[in-house]
1. With all protein chains present, how much of the accessible area of the range 24-183 (probe radius 1.4 Å) comes from carbon and sulfur, to the nearest whole percent?
2. Taking 0.36 nm per residue of separation and subtracting the Cα-Cα distance, what length does fully extending Gln159 through Ala58 add?
3. Determine the per residue accessible area of the range 72-183 with all protein chains present and a 1.4 angstrom probe, expressed in square angstrom.
4. Give me D for the range 61-143 in µm² s⁻¹, whole number, from Stokes-Einstein with Rh from the Kirkwood sum over alpha-carbon pairs, 25 °C and 0.890 mPa s.
5. Could you compute the net charge surrounding Arg91? Neighbours are other residues with a C-beta less than 15 Å from the C-beta of Arg91; K and R count +1, D and E count -1.
6. What does the charge count near Gly135 come to, summing +1 for each Lys or Arg and -1 for each Asp or Glu among other residues with Cβ under 15 Å from its Cβ?
7. Mind giving me the nanometre distance, one decimal, between the label points for Thr30 and Val43, set 7 Å out from Cα along Cα→Cβ?
8. Going by average Cβ density within 10 Å per residue, which order do the peptides 107-119, 56-68 take, highest to lowest?
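The values are calculated or read from the model by the stated rules, or taken from the named source; none is laboratory data. The model shown is predicted, which means the values in this text are computed figures rather than measured ones. Please note: Cβ atoms are built from the backbone with ideal geometry, for glycine as well, and neighbour counts cover all protein chains shown. Accessible surface is based on the protein model in full, side chains and every heavy atom, while ligands, DNA and RNA are left aside. Shrake-Rupley method; radii C 1.70, N 1.55, O 1.52, S 1.80 Å.
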Amino acid sequence: MPRMTALRPALSSLRSLRSRAARGAIGRLTRLRRTRRRWLVPVAAVLGALTGAGYGLATPAEYAATSYVIAVPAAGSDPAAAMGLAQAYGRVASDVAVVGGAQTEAGVTAAALRAAVQTATSPDTPMISVTARSGRPRQAARMADAVARALVRKGADTQAGTGVKVLEFTRAAVPAAPVSPSP
């Protein structure tokens, strides 16, 4: 028994050392978790900025050129017919019938022309804007003008029946700067 009493303080100090070590380890883990939480937002922001810059540098520049076409009612014709025809031509401008006639002039395939050209019409005026996008500025202007001229040719084919003349209002200017976001 005398030996047991001599070992009790040693066991007690060993337990207190273990509990101190465990508390210290828990404290270190807690501090590490807090530090990770503090650094999470800045690290995510830097990672996002680097990813965005990489995407901006890897994505080629894109240019857009816009040409305008206008529908003019013939003498004695209803002006509302010109508005309706402009709306209709705006919807079919990227159709195969129009784009097919413009592909040789634009120098690209019909599928590429359909993918690159967008049209918009105004609800107030009988005007159609034809916007083409390309990696080369001159090609963008050439595609927009080709589709606009194809619309004019389509309008000339139907002018006798509709009483509306379709004219090229403005040609597309060669864009000086890309419309895609800069890096």
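1. C and S atoms contribute 62 percent here.
2. Residue separation times 0.36 nm, minus the Cα-Cα distance, leaves 31.6 nm.
3. Ligands and nucleic acids excluded, the figure is 52 Å² per residue.
4. Approximately 184 µm²/s, per Stokes-Einstein.
5. Result for the neighbourhood of Arg91: +1.
6. Net charge in that neighbourhood comes out at +3.
7. For the pair Thr30/Val43, the computed spacing is 2.2 nm.
8. Ranked from most to least packed, the peptides come out as 107-119, 56-68.
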